[in-house]
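A.B. asks: Okay, here's the structure, questions in a sec.
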Amino acid sequence: MIPIINFFRVPMSPFVDNLTVRNCAEHRLNYGMIRSSGSLLFAIAGVITVNALIPAAGVPSTFWVMGIVMIPAIVLTYFCFEPQSGKRVKKSAAGAGVLLKNYAYMAFLIFAFFFQMAAAFEGNFLTYYMADIQIDTVNLGLILSVRAMMEIPFLFFIGHLRRYIKMKYLIMLSAILMATECLCFCFLVNSLPTMLVFAAFYGLGNGAFLGTGTNYIYELAPVELRATAHSLFISVAQISGILGNLLGGVLFDTIGGKAFYGVTACVFLVSVAIFAASFLFHRNKKETAAA
């Protein structure tokens, strides 16, 4: 069942972001503010699940409850406005080849490969880490709720931040904040309260990335290739996530939970270093060409 579920579930979040970003661009809406509503409801759902649903009905009930709640979401999505509907955009003859020659876009894809691998490490083995340090895994919903709540500040103010800080720097900041959480998990976590406190760093970082990642792709890609650019990013992210799952399990069993999160922090920081180096290399190349 897991492959079947994830065949539909995994691409759902990027598709939702794609639809939201395109609608916001077309109707001049604040993407961060709209996206933050999803984080708020996610946080509320996490608290309700841990404190009410699981104690009353048990863990298996959460699956059919999710299915029922999805029904109105499906209906509402059906009636969503399709951005630029009825408008035919002239396709580039070069197609995806244009994107492959786009230095900034390719640098972002390389960054995304390591970033998403680290994210797969961090997220998919969180319950194993909780069990490793003797924290009841039923509290996972609380941790995810804290993260979701901490996404809101960045998402809410991302429009203002982008006026003063370039998106590439906000993207690097997101990875640094996530690495900070992993370092804290490695060296400082010893109880549920400390884990909840340090989980806030991941939430802040994820909020920064959610508010900038898709918009950065749209800024780099030509209008007629934005959908292609986004689909390539999703493909890279999913391949990286698969590798992260495969490598992460072996790594976790080999070195243990705390060391595993130390390695995860290093992978996040490697993604930042690669991204930063790409800008320095490109700038030096331009200066050499000008000279």
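Any read-out appearing in this document is the output of simple, stated calculations on the displayed coordinates, not a laboratory observation. Everything quoted here is computed from the prediction, not taken from an experiment. When we count neighbours, we look across all protein chains shown, and the Cβ atoms used for this are built from the backbone with ideal geometry, even at glycine.
A.B. asks: Calculate for the chain the 222 nm mean residue ellipticity that helices alone would give, adding -39,500 (n - 2.57) per DSSP H run of length 4 or more and normalising by residue count, nearest 500 deg cm²/dmol.
C.D. replies: So the helix-based figure for the chain works out to -27500 deg cm²/dmol.
A.B. asks: What is the distance, in nm, between label points placed 7 Å from the Cα along the Cα-to-Cβ direction at residue 12 and at residue 110?
C.D. replies: According to this spin-label approximation, the distance is 3.5 nm.
A.B. asks: Taking +1 at the Cβ of each Lys and Arg and -1 at the Cβ of each Asp and Glu, which of 172, 142, 159 sits farthest along the dipole of region 116-172 towards its positive end, judged by Cα position relative to the Cα centre?
C.D. replies: Of the options given, the answer is 159.
A.B. asks: Same structure, new question: For the chain, what is the relative contact order in percent, using Cα pairs closer than 8 Å and at least 6 residues apart in sequence?
C.D. replies: This gives 29 percent for the chain.
A.B. asks: While we're here: Got a sec? Which residues in region 192-213 would a label at residue 160 touch, if it sits 7 Å along Cα→Cβ and we count backbone N under 16 Å?
C.D. replies: So the set is 208.
A.B. asks: Can I ask one more? Based on the mean of other Cβ atoms within 10 Å per residue, sort peptides 212-221, 103-112 so the most packed one is first.
C.D. replies: Sorting 212-221, 103-112 by mean packing, highest first, produces 212-221, 103-112.
A.B. asks: Now for a separate question. Relative contact order, percent, of region 38-187 when contacts are C-alpha pairs under 8 Å separated by at least 6 residues?
C.D. replies: 48 percent
A.B. asks: Right, here's the next one. Among 52, 223, 12, whose Cα projects farthest towards the positive end of the dipole of the chain, with charges put on the beta-carbon of Lys, Arg (+1) and Asp, Glu (-1)?
C.D. replies: The Cα lying farthest towards the positive end belongs to 223.
A.B. asks: Another question, then. Just grab the label-to-label distance for residue 63 and residue 273, each label 7 Å out from Cα along the Cβ direction, in nm (one decimal).
C.D. replies: Label-label distance for residue 63 and residue 273, simple model: 4.2 nm.
A.B. asks: Find how many whole Å separate the alpha carbon centroid of region 162-237 from the alpha carbon centroid of region 1-78.
C.D. replies: For region 1-78 versus region 162-237, the Cα centre distance is 19 Å.
A.B. asks: So between residue 82 and residue 1, what do we pick up on full extension, going 0.36 nm a residue minus the alpha carbon distance?
C.D. replies: Extending this stretch completely gives an extra 26.0 nm.
A.B. asks: Here's something else I'd like to know. Once you sort the root eigenvalues of the Cα gyration tensor of region 152-271 as a ≥ b ≥ c, which label holds: rounded (a/c under 1.5), prolate (a/b larger than b/c) or oblate (the other case)?
C.D. replies: oblate
A.B. asks: OK, next. How many nm is it between the label spots at residue 26 and residue 231, if each spot is 7 Å from the Cα in line with the beta carbon?
C.D. replies: 1.8 nm
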